[in-house]
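Structure, as structure tokens:
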Amino acid sequence: MKIGLIGAQGVGKTTLLNALANERCFKNYAVCDEVTRWVREFNLAINEDGNDQTQELIALKHIYNIRMHPKMITDRTMLDCLVYTRWLHENNKVSDKCLSHMQLIFDTIWSDYDYTFYIEPEFDIEDDGVRSTNLSFRDRIVKLFDQALFEDVWEEENCYRIGGSVQERVDRIKQIIGINY
């Protein structure tokens, strides 16, 4: 089973990923950390400063994760990559070709996720030195997620909005996917 956590920066995806990883029922799952942090290790621009190279590398890692792990939980999905690429494109930071390529990759691998969980902002953004703390950036990303979810995803039966405390989110995910322990 392939589970993806999606949403803007600072909504608690990594915290939720870590909580799920500690659940006995997910002990045999690959836990795929946020791809953007991996890209940053190469000293590439991320967040509002991303570019074609950044987005292509992020997409490559999403493809790798979805193809290489039959059982996984991932912090971010190809939908996240597409949404952030749309923002970068709106702001003339990525090319038309890059945006088209991200849409093609999304269209190709999205159905490989068995379940995805969209987490809406409920908390202030914590500055961890990596994620953007720019609220207007996050607000626009949230709007782009809403648009993408409405246009590209909600007709799918595998995407759910979840909220609440970390434990409430864990319990809701387990309920949705049918795990009772």
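Brief remarks follow.
- Dipole magnitude for the chain: about 540 debye, using +1 per Lys or Arg Cβ and -1 per Asp or Glu Cβ, origin at the Cα centre.
- Along the range 142-147 the Karplus relation, 6.51 cos²θ - 1.76 cosθ + 1.60 evaluated at θ = phi - 60°, assigns HN-Hα couplings of 4, 4, 5, 5, 4, 5 Hz to successive residues, with x for each Gly and Pro.
- When +1 charges are put on Lys and Arg Cβ atoms and -1 charges on Asp and Glu Cβ atoms, the dipole computed for the range 60-152 relative to its Cα centre reaches about 460 debye.
- Look at where the Cα atoms of the range 38-94 and of the range 115-181 average out, and the two centres are 17 Å apart.
- Residue by residue, the range 71-78 carries 3J(HN,Hα) couplings of 10, 8, 10, 10, 8, 5, 9, 5 Hz when phi is fed to the Karplus relation 6.51 cos²θ - 1.76 cosθ + 1.60 (θ = phi - 60°); x denotes Gly or Pro.
- Solvent exposure of the range 24-181 amounts to 52 Å² per residue of accessible area, where only protein heavy atoms count and the probe is 1.4 Å.
- Computed over the chain, Kirkwood Rh from alpha-carbon pairs, angstrom: 16.4 Å
- The candidates ILE109, ILE63, arranged from most to least accessible area with a 1.4 Å probe in the full protein assembly, appear as ILE63, ILE109.
- Isotropic mean projected area of the C-alpha convex hull, the range 66-105 (nm²): 3.2 nm²
- The share of Cα pairs per 5 Å bin across the range 106-152, counted from zero up to the longest distance, runs 5, 15, 21, 23, 15, 15, 6 percent.
- Mean projected area (nm²) of the alpha-carbon convex hull when the range 114-181 is viewed from all directions: 5.7 nm²
- LEU104 accessible area, 1.4 Å probe, all protein chains in place, Å² to nearest 10: 100 Å²
- Lys/Arg +1, Asp/Glu -1 at C-beta; the range 52-117 dipole; positive extreme among SER95, THR85, LEU57: LEU57
- Sequence of ASP171, ASP52 from largest to smallest accessible area, 1.4 Å probe: ASP171, ASP52
- With all protein chains modelled, accessible area of PHE106 [1.4 Å, Å²]: 10 Å²
- Our helix-only sum for the chain, with -39,500 (n - 2.57) per DSSP H run of n ≥ 4 divided by its residues, gives a mean residue ellipticity at 222 nm of -14500 deg cm²/dmol.
- Normalised contact order of the chain, rounded percent, pairs of Cα under 8 Å and 6 or more residues apart: 34 percent
- Under the Karplus curve 6.51 cos²θ - 1.76 cosθ + 1.60, θ = phi - 60°, whole-Hz ³J(HN,Hα) for the range 130-137, x wherever Gly or Pro sits: 10, 6, 6, 9, 6, 5, 5, 4
The values are calculated or read from the model by the stated rules, or taken from the named source; none is laboratory data. Small disclaimer: the values here were computed from a predicted structure and weren't measured. Note that we place each Cβ from the backbone using ideal geometry, even for glycine, and neighbour counts take in every protein chain shown. Quick note on the areas: whole protein, heavy atoms, side chains included, nothing else; ligands and nucleic acids left out. Shrake-Rupley method; radii C 1.70, N 1.55, O 1.52, S 1.80 Å.
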